[in-house]
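Peer 1: So that we are looking at the same thing, I have put the structure below in structure tokens.
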Amino acid sequence: MQARIYLKEGAYGQAREALESYATARSSGDMNKTIEELKREINESEAMSQKAEKERKSELWTACVDSSTEALRGSAWNIKMRETRVECQLRSGDIEGAVGDLTYAFYYPTRAEY
């Protein structure tokens, strides 16, 4: 399902559009549960991404790390959120965590880089 890919990349608007297209094409009972679950994941990841950005701007480094970690649970390929988490980790003193995220960002290209 294309919506899952967009969610992993952090493209929440595109994920919602793809999910709506999928939902109109399929309307079985089991699929409705899957669709609702994916909608919830999109909303949660987007909300945590926004929260992490606010915390970064407010210089709440530990809270920013926690929120960006939660956002990355649903959007693991979201390079922008990884960069946010790296900044927050560095500012809070977690050098090893920052290096791990930087390694991920350098070795795994986004779809835009293909």
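Values quoted throughout were computed directly from the atomic coordinates according to the rules given, and no laboratory measurement underlies them. What you are looking at is a predicted structure, and each value in this text was computed from that prediction instead of being measured. Cβ atoms come from the backbone with ideal geometry, glycine included; neighbour counts cover every protein chain shown.
Peer 1: Quick check on the chain: helices-only [θ] at 222 nm, where DSSP H runs of length 4 and up contribute -39,500 (n - 2.57) each and the sum goes over total residues. Nearest 500, please. Before the final figure, lay out the partial values.
Peer 2: Details: 6 runs with 92 residues, N = 114.
Rounded to the nearest 500, it is -26500 deg cm²/dmol.
Peer 1: In degrees between 0 and 90, to the nearest 10, how far off the longest principal axis of the chain does helix 29-57 point, with axes built from Cα atoms?
Peer 2: Helix 29-57 and the main axis of the chain meet at about 20 degrees.
Peer 1: Of 68, 106, 2, which is farthest on the positive side of the dipole of the chain, counting Cα position, with +1 on Lys and Arg Cβ, -1 on Asp and Glu Cβ, and the Cα centre as origin?
Peer 2: 2
Peer 1: For residue 33, go through the aspartates and glutamates and keep the ones whose alpha-carbon is under 19 Å away, minus same-chain ones fewer than eight residues off.
Peer 2: Excluding near neighbours in sequence, the set is 17, 20, 41, 44.
Peer 1: Take every Cα pair under 8 Å in the range 2-57 that's 6+ residues apart, average their separations, divide by the length, and report that relative contact order as a whole percent.
Peer 2: Details: 27 pairs, mean separation 17.8, N = 56.
Computed value for the range 2-57: 32 percent relative contact order.
Peer 1: How far is helix 95-107 tilted, in degrees, relative to the longest principal axis of the Cα atoms in the chain, given as a value from 0 to 90 rounded to the nearest 10?
Peer 2: Between helix and principal axis, roughly 50 degrees.
Peer 1: Give me the percent relative contact order of the chain, please, defined on Cα pairs under 8 angstrom at least 6 residues apart.
Peer 2: Values: 122 pairs, mean separation 25.8, N = 114.
Rounded, it is 23 percent for the chain.
Peer 1: Next question, about the same structure. With the cut-off at 22 Å, tell me which of the pairs 51/80; 8/57; 8/51 have Cα atoms farther apart than that. It would help to have the intermediate numbers written out before the result.
Peer 2: Working: 51/80 14 Å; 8/57 24 Å; 8/51 18 Å.
In this structure, 8/57 exceed 22 Å between Cα atoms.
Peer 1: Test of the criteria: in the range 1-79, which GluC sites (Glu not before Pro) are in a DSSP loop and have at most 13 other Cβ atoms within 10 angstrom of their Cβ? If you can, show how the numbers build up before the last one.
Peer 2: On the way: sites: 9, 17, 20, 36, 37, 41, 44, 46, 53, 55, 59, 70; in loops: 59.
Filter output for the range 1-79: 59.
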